[in-house]
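Taking it in order: structure first as structure tokens, then the write-up.
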Amino acid sequence: MNILLINLPINTSYPPSVYPMGLGYLGAILIKKQCHVDVLDIRLNNYDQKFVLDYLKTHGAEYDLFAMSGMVTTYKYAKWLSSQIREYSKKAVICVGGSISTAGELILKNSETNIVCLGEGEKVISDLVDALHSNKSFECVANILFRDGNNIVQTKHEPPMDIDLIPMPAWGLFDMHRYASMSFMVPVKTPKITMLIERGCPFECTFCYRNFGRKMRCRSVDNIIEEIKIVIDRFGIGHIDFLDEIFNGNVKQVKELCSRIIAEKINITWRCIGRTNLLDKEILQLMFEAGCKWIGYGIESGSQEMLNKMNKKQKVADIEESIKLSRKAGMIVTGTFIIGMPGETETTIEDTRQFCIRNEIFNKPFFPIPYPGTLLYEYCRENNIITGDEKYILSLEKDIAELLVNLTEISDSRLVEIRNKLNDELSPKYPLWGH
Ligand code: SF4
């Protein structure tokens, strides 16, 4: 079976510095199943629509299955692309995965897409290939939405697979040397790569759609160490960005991983995203010794009232303590901030400003974006702030720096003015990479 994996472009000012790990895992599963796999990396190569059309004109008919992956912000592009694929490949199956699946019904109703993958894609793509091989209905593939005439069918739910059983990503499908040379979150000169040590997050912050569901599942330390050694050997990797939603969700796993990196003298630096109330002095020191030179915290606000409203389940005091302990351990600390969530006032924004000054930390704050699949999105629909229609989903392709929906009582112009003032006042003082 011939399969084309497509990395969709994202409309953002950020460069494409992270290889599409999700497609890498799918590629590995497909290769194991003896499929022929190609990749069209539109995001990395910045291919324009003409290039993509020429590719489809020349090669479109060769594929049995097209699998696109992207965020919900790629909805408009995915819609356009599926119609072009259908032009040149009448019978092929088109499926989408990634956070775009949160707008699954819309994309099935309004495009040529046949299947939306809900949750993790590895098992889905494997079952889908089996179903296509044996001419079975999509109904036998768990965890998908598919179009059946005018109906949208959701198939049975199956728990996700043991993530240790997923093969290592098929890096060979991507231009890894280019990806490894691009700088991502930290300014390191050595080749770098991204990795995950777990999937899922048990928390329920109102603005977050949690890529991998609520149940946290961890890879074994042996499996992670194996991946680290392979990428060092193959690509000369010297720095790893762990993109886990909460790197330190399983303290035992993190301690074991750090101890192994130290014991085996694995020479890397790394960065991760931590959750403040699960860290203490001992583990931070161990992490630093194992190469964790940067740690990012999803701080979001310096106002306890706003943290409670976002359901962060974090205390401002705990966050401040973790920043201090991380710096004491030797790490450079970064944080993300959101201003403009429901209930935000000029007073709560001032609390955040004071927090940044007090803790000498700042990162340009985001305005909240109600993505489908989040509690915030439900709130906005219930309160008629947004409708669940396609027009809203299409608007999500705007750059994340723009104010898409104002969820506060503050006027649009004032909110943008406050954000710009914070950027002007704090950016040069407390740069992203510490001081
Ligand atoms: S923001 Fe972080 S802690 Fe909150 S639900 Fe999302 S992944 Fe979990």
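Once both axes come from the Cα atoms, what is the angle between helix 412-426 and the longest principal axis of the chain, in degrees from 0 to 90, rounded to 10? For 412-426 against the chain, the angle is about 60 degrees.
Sorting the segments 212-220, 366-374, 183-191 by their mean number of nearby beta carbons within 10 angstrom, highest to lowest, gives 366-374, 212-220, 183-191.
Please list, by residue number, everything in the stretch 398-412 whose backbone N is under 14 Å from a paramagnetic label point 7 Å out along Cα→Cβ of residue 427. So the set is 401-402. Placing a pseudo-label 7 Å from each Cα along the Cα-to-Cβ vector at residue 162 and residue 265 gives an inter-label distance of 3.4 nm. State whether the stretch 191-238 is rounded, prolate or oblate according to the following rule on the C-alpha gyration tensor (a ≥ b ≥ c being the square roots of its eigenvalues): a/c under 1.5 gives rounded; otherwise a/b larger than b/c gives prolate, and the remaining case gives oblate. Since a/c reaches 1.5 but b/c is at least a/b, the shape of the stretch 191-238 is classed as oblate.
Annotation: the stretch 283-435 has a Kirkwood hydrodynamic radius of 16.6 angstrom, from the mean reciprocal C-alpha pair distance.
Measuring how big the stretch 183-426 is from its alpha-carbon positions, Rg and Dmax come out at 19.1, 56 Å. Extent along the principal axes, Cα only, for the stretch 98-224: 53, 37, 32 Å, with the longest axis given first. Taking the C-alpha atoms only, the angle from helix 75-88 to the longest principal axis of the chain is near 20 degrees. Mean projection of the Cα convex hull over all viewing directions, computed for the chain: 20.4 nm².
Based on the reciprocal of the average 1/r between different C-alpha atoms, the Kirkwood radius for the stretch 2-154 equals 15.4 Å. For the stretch 82-161, the Cα gyration tensor yields ellipsoid semi-axes of 19, 15, 12 Å (square root of five times each eigenvalue, largest first, whole Å).
Angle of helix 221-235 to the longest C-alpha principal axis of the chain, folded into 0 to 90 degrees and rounded to 10: 80°.
Helical runs (DSSP H, four residues minimum) scored at -39500 (n - 2.57) apiece and divided by the length of the chain put the mean residue ellipticity at 222 nm at -11500 deg cm²/dmol. If a/c stays under 1.5 just call it rounded; otherwise compare a/b with b/c (prolate if a/b is bigger, oblate if not). Do that for the stretch 166-322, with a ≥ b ≥ c from the square roots of the Cα gyration tensor eigenvalues. Prolate, because a/c is 1.5 or more and a/b exceeds b/c.
Between residue 152 and residue 190, the modelled labels are 4.6 nm apart [label points 7 Å from Cα along Cα→Cβ].
The convex hull built on the alpha-carbon positions of the stretch 295-336 has an orientation-averaged projected area of 2.6 nm². Candidates 145, 53, 124 compared by Cα position along the dipole of the stretch 2-154: farthest toward the positive end lies 53, with charges placed on Cβ. Of all the options 180, 61, 263, the one that moves most in a Gaussian network model of the chain with Cα springs shorter than 10 angstrom is 263.
When peptides 395-406, 75-86 are ranked by their average number of other Cβ atoms within 10 Å per residue, the highest-first order is 75-86, 395-406.
Note on the stretch 236-320: Rg/Rh from C-alpha atoms, Kirkwood Rh, equals 1.03. When the C-alpha to C-alpha distance is required to be over 27 Å, the pairs from 309/421; 32/293; 252/312; 189/252 that qualify are 32/293; 189/252.
List the residues of the stretch 322-342 whose backbone N lies under 11 Å from a point placed 7 Å from the Cα of residue 385 along the Cα-to-Cβ direction. Those under the cut-off are 340-342.
Each reported figure results from applying straightforward, stated rules to the coordinates on display, with no laboratory input. Source: prediction; values computed, not measured. Quick reminder, even Gly has a Cβ in these numbers, built from the backbone with ideal geometry, and neighbours come from all protein chains shown.
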